[in-house]
Number of protein chains: 2
Amino acid sequence: MKCGQERKNINIEALNERVRKAGMKLTSQRTQILKTLLNHPEPISADEIFKKYDGRSEAMDLVTIYRILKKFEESLIVSRLEFGDGVARFELTLESGHHHHHVICRQCQRVEPIHLCDLEEHIKTVEAMGYKSLSHRLDFFGICSRCQ
Amino acid sequence: MKCGQERKNINIEALNERVRKAGMKLTSQRTQILKTLLNHPEPISADEIFKKYDGRSEAMDLVTIYRILKKFEESLIVSRLEFGDGVARFELTLESGHHHHHVICRQCQRVEPIHLCDLEEHIKTVEAMGYKSLSHRLDFFGICSRCQ
DNA sequence: CTTTTTGCAAATCTTTTGCAGGCGA
DNA sequence: TCGCCTGCAAAAGATTTGCAAAAAG
């Protein structure tokens, strides 16, 4: 499995299509969440999405957001990430198995993607241990240049 | 930073000593938790530790366990791990910066350590992005041989 | 028109906090 | 003795569940 490509040509139409293909109905809430994920530069939490619309006419229930994100995750449309602060964050899953890793600033909590992944060695080792259907997660934690 | 060594010669005396050195009082609860971590083959959650003693004469409060684990984490005696199921797990921190990574079975949730870590390339890349004080986490998720 | 989805209320689960009494050094 | 620790009760924060009404196809 290779990874590293920057996401390209992802638009709201294509995402809506993936929702339909997954057998889900396309509601305004679902499209709104997809648009939010598309425009947000880094992984976002359910509550952050909620606050973006809270009070506005497009407001939606936090529960709805959790439910939609869970369904999207099951259909591999989004990926759930956890960085150790007790809050799950979500980002759009890239096409065809491509994925990336993250650098998290311990000070400002900002998350930056790293488009580099060469873990062939590691993967072979784990397969030799008897594991199948492998996926992985690699995250770096540090202090970003802005916070130093 | 190199990593890969199996833990050796860790005993309860040495651990008690680390607690004292960190300026903490040595209580029976703290020693009990250290012994539990020492004997448990894989990362364990606060609740699992609680259940090990619940009902017995050595029973301790869940809150106490959380508080002790947090203090131990601050003193780098234990490491907190999260694998995405909403529960934090803990394991003893190995000496002198050595650490290891994990393979988690998606079926039975068992966690196995991998004593392999060659991420020099990756670390250089992230440093080039301007980050300092880097640490990292690398986990593999798959189906173990027993569960296939 | 049928099935899925949403909103609201309430529950659940993990982890944290406040406070008074207890214990280690 | 003195201050750190523990236990109990309660709170807090994230996420889930039940159910009736609303919307999608």
Taking A:HIS98, is it under 24 Å from B:MET129 (Cβ atoms), more than 12 Å from chain B (Cβ to nearest Cβ) and modelled with pLDDT under 90?
yes
Restricting to the stretch B:71-87, count the residues that are within 12 Å of DNA strand D (Cβ to nearest atom), within 18 Å of A:GLU82 (Cβ to Cβ) and not in a loop (DSSP other than H, G, I, E, B).
1
In this structure, does B:LEU76 turn out to be more than 10 Å from chain A (Cβ to nearest Cβ), modelled with pLDDT under 90 and more than 13 Å from B:GLU42 (Cβ to Cβ)?
no
Please pick out the residue among A:CYS144, A:CYS105, A:CYS117 that is at the interface with chain B (Cβ under 10 Å from one of its Cβ atoms), crowded, with 18+ Cβ neighbours inside 10 Å and over 26 Å from B:VAL87 (Cα atoms).
A:CYS144
Is it the case that some residue within the stretch B:47-66 is within 11 Å of DNA strand D (Cβ to nearest atom) and within 14 Å of chain A (Cβ to nearest Cβ)?
yes
In the stretch B:37-69, residues that are in a helix (DSSP H, G or I) and more than 12 Å from the chain's Cα centre (by Cα) total 15
Restricting the search to the stretch A:12-31, which residues are more than 11 Å from DNA strand D (Cβ to nearest atom), touching a residue at least 12 places away in the same chain (Cβ under 8 Å) and either touching a Phe, Trp or Tyr at 6+ places or on another chain (Cβ under 7 Å) or of a type in the set (A, V, I, L, M, F, W, C) (or both)?
A:ILE12, A:LEU15, A:ALA22
With the first residue restricted to the stretch A:128-146 and required to be in a helix (DSSP H, G or I), and the second required to be of a type outside the set (A, V, I, L, M) and modelled with pLDDT of 90 or more, Cβ contacts under 8 Å at 6 or more apart or on different chains are none
Being among the hydrophobic types (A, V, I, L, M, F, W, C), open to solvent by less than 50 Å² (accessible area, probe 1.4 Å) and touching a Leu at 6+ places or on another chain (Cβ under 9 Å): is that true of B:PHE72 here?
yes
Quickly run through the stretch A:48-69 and pick out the residues that are farther than 15 Å from A:THR31 by Cβ and either crowded, with 17+ Cβ neighbours inside 10 Å or in contact with a strand residue (DSSP E or B) (Cβ under 9 Å, 6 or more places away or on another chain) (or both).
A:GLU48, A:PHE50
Within the stretch A:123-140, how many residues are within 7 Å of chain B (Cβ to nearest Cβ) and either under 17 Å from B:ASP118 (Cα atoms) or hydroxyl-bearing (Ser, Thr, Tyr) (or both)?
10
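The values are calculated or read from the model by the stated rules, or taken from the named source; none is laboratory data. Just so we're clear, the structure is a prediction, and the values are computed from it rather than from any experiment. All Cβ positions, glycine included, derive from the backbone under ideal geometry; neighbour counts span all protein chains shown. The protein model used for the area step is the full one, side chains on, heavy atoms only, and it has no ligands, DNA or RNA in it. Shrake-Rupley method; radii C 1.70, N 1.55, O 1.52, S 1.80 Å.
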